[in-house]
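Heads up: the structure comes next, in structure tokens.
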Amino acid sequence: SYVEAGFEKIHLDCTEGCAGEGAQLPDAVTATRTANLARVCEEASGGKDILYVIGTEVPPPGGARVDESGDIPATTPQSALATLDAHEKAFKSEGVSDIKSRIAGLVVQPGVEFTPMQVHHMPMERDPGLREVMMRWPSLCLEAHSTDYQDPKVYARLSELGFAFQKVGPALTFAYRQALYALDIALGFSGKNVGLVNTMERLMQSEPKHWQGHYASGNRIDRHVGLADRIRYYWPHPQAQKAVLALRQRLAEIALPDPLLWQVFSPQVLERAECLEGTQAQRLIDAQIEIALDPYDIRDEETKVG
């Protein structure tokens, strides 16, 4: 369906076990299922050159294990080579060995991760030695997951280490939630807030499937501000949509003064919002998200200006 819809970069993620299987599958099993999916994609592609991402070390959001020193262990070159070898054999067996030149990414762990309340920052001096592994396959680069919340310097370092794909997700929806909550808090100073936090709490309690199993403590703080941002799965819910609409409608009736905004937004967000278009609320929401995304722009300052 994704290929038929026009997507041309497909992540063949077969890392999680199915019902009755363990959470971690052997490389051979993952590779076989990956090759099977690749064949299906090729049959549906209509001759288009699809780019693929493979790998057996795709971490669950906020769920990677730490080693004894407290750091996230990076993928070793030996493990990466074993993964590539397993996939090469599986592709040949499935009759899709010709796609090797279109394997664009290999998901590996560079040593970045986050838990509900803690970010594991990648040691800047670390080099797992994976660039040489890339040389075996044409067009291959590395892909890192869970790069959210890292120190801004980390992203340029990841690029130097061969990570052309640096995936971000929860950090952006976290920023969206930050902005909505900040706006509701600001309205609260005048007694006009819509109680967005309480609405979302009731919703998450009534339908806990999206956060249970992700937050060990199950406490209220984790549900609302946990870095895995499981609350993001609730925003499309009609109750959440109704509350957000009510918030926007009230904000449309009032201009929040600067001294009030200073209480709930950073100077960087307020400055960015001045450069954006839309209502005051929309500009603040967009600015909060853009600030979270800024560290991924690793061009030098001269290039950015140009």
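The values are calculated or read from the model by the stated rules, or taken from the named source; none is laboratory data. Computed from a prediction, not measured in an experiment: that's the story for all the values here. Heads up, the Cβs are rebuilt from the backbone with ideal geometry, glycines too, and the neighbour counts pull from every protein chain shown.
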The condition from (1) among the polar types (S, T, N, Q); (2) under 15 Å from residue 140 (Cβ atoms); (3) at pLDDT 90 or above that residue 36 misses is numbered (2)
Have a look at 251, 227, 247 and point out the one that is assigned by TED's automatic domain parsing to the domain that holds residue 192 and in contact with a strand residue (DSSP E or B) (Cβ under 8 Å, 6 or more places away or on another chain).
227
Find the residue count for segment 221-233, including only residues that are under 15 Å from residue 181 (Cα atoms), surrounded by fewer than 18 Cβ atoms within 10 Å (Cβ to Cβ) and not hydrophobic (A, V, I, L, M, F, W, C).
2
Across segment 105-130, the tally of residues that are buried (at least 17 other Cβ atoms within 10 Å of the Cβ) and acidic (Asp, Glu) stands at 1
Restricting to segment 264-278, what's the tally of residues that are in contact (Cβ under 8 Å) with a residue 24 or more places away in the chain and exposed (fewer than 12 other Cβ atoms within 10 Å of the Cβ)?
0
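Those residues that are of a type in the set (A, V, I, L, M) and without any contact (Cβ under 8 Å) to a residue 40 or more places away in the chain, I need them from segment 193-215; list them, please.
197, 203, 204
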Can you give me the number of residues within segment 1-32 that are farther than 13 Å from residue 83 by Cα, outside any loop (DSSP other than H, G, I, E, B) and among the charged types (D, E, K, R)?
2
Which number in (1) within 25 Å of residue 287 (Cα to Cα); (2) without any contact (Cβ under 8 Å) to a residue 40 or more places away in the chain; (3) surrounded by 18 or more Cβ atoms within 10 Å (Cβ to Cβ) marks the one condition that residue 177 misses?
(2)
Given the residues 4, 42, which is the only one that is loosely packed, with under 14 Cβ neighbours inside 10 Å, over 16 Å from residue 105 (Cα atoms) and modelled with pLDDT of 90 or more?
4
Filtering segment 40-53 down to residues that are touching a residue at least 12 places away in the same chain (Cβ under 8 Å), under 17 Å from residue 5 (Cα atoms) and not in a loop (DSSP other than H, G, I, E, B) yields 41, 42, 44, 51, 52
Determine the pairs where a residue that is farther than 10 Å from residue 296 by Cβ and part of a loop (DSSP other than H, G, I, E, B), located within segment 133-160, has a partner that is of a type in the set (Ser, Thr, Tyr) and modelled with pLDDT under 95 with Cβ atoms under 7 Å apart, the partner being 6 or more residues away or on another chain.
138/101; 139/101
Output for segment 24-39, where each listed residue is among the small types (Gly, Ala, Ser) and either touching a Ser or Thr at 6+ places or on another chain (Cβ under 7 Å) or crowded, with 16+ Cβ neighbours inside 10 Å (or both):
31, 35, 38
Quick check on segment 5-61: of everything there that is charged (D, E, K, R) and in contact with a Lys or Arg (Cβ under 7 Å, 6 or more places away or on another chain), which residue is farthest from residue 95 (Cα to Cα)?
8
Would it be correct to say that residue 197 is modelled with pLDDT of 95 or more and over 24 Å from residue 293 (Cβ atoms)?
yes
Quick one: in segment 70-115, which of the residues that are touching a Leu at 6+ places or on another chain (Cβ under 9 Å), in a strand (DSSP E or B) and not polar (S, T, N, Q) is nearest to residue 153 (Cα to Cα)?
114
Quick one: residue 147 ticks every box in (1) surrounded by fewer than 18 Cβ atoms within 10 Å (Cβ to Cβ); (2) in contact with a strand residue (DSSP E or B) (Cβ under 6 Å, 6 or more places away or on another chain); (3) β-branched (Val, Ile, Thr) bar one, so which box is it?
(1)
Among the residues of segment 175-198, which ones are in contact with a helix residue (DSSP H, G or I) (Cβ under 8 Å, 6 or more places away or on another chain) and under 23 Å from residue 117 (Cβ atoms)?
175, 176, 177, 178, 179, 180, 181, 182, 184, 185, 196, 197
